[in-house]
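The values are calculated or read from the model by the stated rules, or taken from the named source; none is laboratory data. Since this is a predicted model, take the numbers as computed values, not measurements. Cβ placement follows ideal geometry from the backbone for every residue including glycine, while neighbour counts extend to all protein chains displayed. Remember, those area values only see protein heavy atoms, side chains included, never the ligands or the DNA or RNA. Shrake-Rupley method; radii C 1.70, N 1.55, O 1.52, S 1.80 Å.
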Amino acid sequence: MESTTTAGQILKGIEFARPEGATPLLLDLYLPAEAPAGAGFPAVVHFHGGGWRTGKRSSLGPAVDGLGLSPIEQLVNAGFIVASADYRLSTAATFPVQLLDAKAAVRWLRAHAAEYNVDPERIYAWGDSAGGHLASLVGLTAGAEEFQAEAAGHGPDDAVAAVAAWYPPTDLNRMGGQARPDAVARADDPGSREALLIGAQPADAPDEAAAASPITYAHAAAPPFFLVHGTADRFVPAAQSVTFAAALEGAGAAVELLLIEDADHMWALEGKSPAAAEQATTATIDFFRRQAQAH
């Protein structure tokens, strides 16, 4: 399906992968109205949140969507192509299929770069919550053999040049212990989102929890990261981004961390103020602009 907005053209429901025994995976492709300069548009692959068990492409969660800020369209207006992709939910399969699907979306965009005027050297990943977890893993595991099982081809073609992650789960083994006293959900709760993702309670399967944690893969050659988290997040503790940023920095990678005071998950503030969401959106666009200008 094709539609147009002030941001340009939107191509909805493009099939980018068909995993064996699963429903075809779709993405929505947002194209800027202006012609690209030089080698083509920089592009961002977006992964939605929802605790890996709910959510849909082109959404940043009901609270953010309800503010009417349209962060995806703002990014398109800034001169980026955005591909917002599905992935299999934990109700259908456990990790690592979600990461394999995310990598397939990056591969698809790179394979169709010429068709849509994408600069294949300037493809980035962005996600919110569970999607931020996947974007982070995509950035840290380019070409990793253990995550190639269902992918077409091997090598670095699933690489991204930078990652932005909003309130991402990054260390499933420590996440429960880092929860706020007023937490709505904890990773070590029976039947938690994290337990459903890996198919076991993290405490009972620490190796599986580590394998599904971005912090495990921090390394010096990682692409630049931008992490944004609210200090009052009751679903994913802000400590997840703080310790992840420290791990990336300790490994020698470039990382920026923005903590937004008093913001809960999905940038919720008292009085339903959009200020936190506006700050996160503006800062994320600025990060991607700087990355695109640097290459």
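Suppose R0 equals 35 Å. What FRET efficiency, 1/(1 + (r/R0)^6) with r the Cβ-Cβ distance, do GLU145 and THR282 give to the nearest 0.05? The calculated FRET efficiency here is 0.35. Heavy-atom accessible area with a 1.4 Å probe sorts HIS265, HIS48, largest first, into HIS265, HIS48. Ligands, DNA and RNA left out, the 1.4 Å accessible surface of the chain is 52% carbon and sulfur atoms. Considering only GluC sites (Glu not before Pro) in DSSP loops that have at most 14 other Cβ atoms within 10 Å, the longest stretch of the chain without any of them is 35-260. Among GLY230, LEU69, ILE285, whose Cα sits farthest toward the positive end of the charge dipole of the chain (+1 at Cβ of Lys/Arg, -1 at Cβ of Asp/Glu, about the Cα centre)? Projecting each Cα onto the dipole axis, the largest value belongs to LEU69.
In the context of the full set of protein chains, region 85-196 has a per residue accessible area of 34 Å² (1.4 Å probe).
In this label model, HIS219 and ALA35 are separated by 4.1 nm, measuring between points 7 Å along each Cα→Cβ vector. Ordered from highest to lowest accessible area with the whole protein assembly present and a 1.4 Å probe, HIS112, HIS295 read as HIS295, HIS112. Using a simple spin-label model with pseudo-atoms 7 Å out from Cα toward Cβ, ASP207 and THR231 lie 4.1 nm apart. When only the Cβ of Lys, Arg, Asp and Glu is charged (+1, +1, -1, -1), the dipole of the chain relative to its Cα centre reaches about 240 debye. Largest accessible area first, the residues THR141, THR91 order themselves as THR91, THR141 under a 1.4 Å probe with ligands, DNA and RNA left out. The largest-to-smallest principal axis extents of the Cα set in the chain are 50, 45, 38 Å.
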